[in-house]
Amino acid sequence: QVQLVESGGGLVQPGGSLRLSCAASGSIRSINAMGWYRQAPGKQREWVATTTSGGITTYADSVKGRFTISRDNAKTTVYLRMNSLEPEDTAVYYCNANVRTTYGTTLSVAWGQGTQVTVSS
């Protein structure tokens with residue numbers, strides 16, 4: 001099995017910052033891409049940012065210029081640095097990964113539990 005665990009959420013004031021973490025573990029041979037998604041109450045889950053094994057990063061227009069996605073040196077954890085947070089950023093944030101397993105398959109890992117980000121004064 002492959003597992004993702006999100007952490008780092010919390011309550012912040014508008015204009016504040018947070019750094020979210022997503023750790024991947026399990027039967028992973030290599031990670032092709034990792035990304036962040038978010039879901040606000042009553043809304044569909046939306047894509048936020050993605051980073052690939054080649055270092056290519058992409059962002060949703062709503063967060064471009066404010067959020068930065070990155071990976072650690074071992075490339076098993078992805079981070080989302082969130083600056084200039086706005087109330088509209090309030091959501092549960094989830095990560096997802098496309099990985100090659102140790103037994104030879106390529107798959108998209110099931111969502112983790114998510115981490116709550118609340119931006120409010």
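Rule-based calculations on the coordinates, nothing more; no lab input. On a predicted model such as this, the values are computed, not experimentally measured, just so you know. We place every Cβ from the backbone using ideal geometry, glycine too, and count neighbours over all the protein chains shown.
Extension gain, Q13 to S30, is 2.4 nm, computed as 0.36 nm per intervening residue step minus the present C-alpha separation. Placing R0 at 25 angstrom, the Cβ-Cβ distance between T101 and R66 gives a FRET efficiency of 0.15 after rounding to 0.05.
Each 5 Å bin from zero holds the following percent of Cα-Cα pairs in the chain: 2, 12, 23, 24, 19, 11, 6, 2, 1, 0.
The packing ranking of peptides 5-17, 74-86, highest mean first, is 74-86, 5-17, where packing means the average number of other beta carbon atoms within 10 angstrom of each residue.
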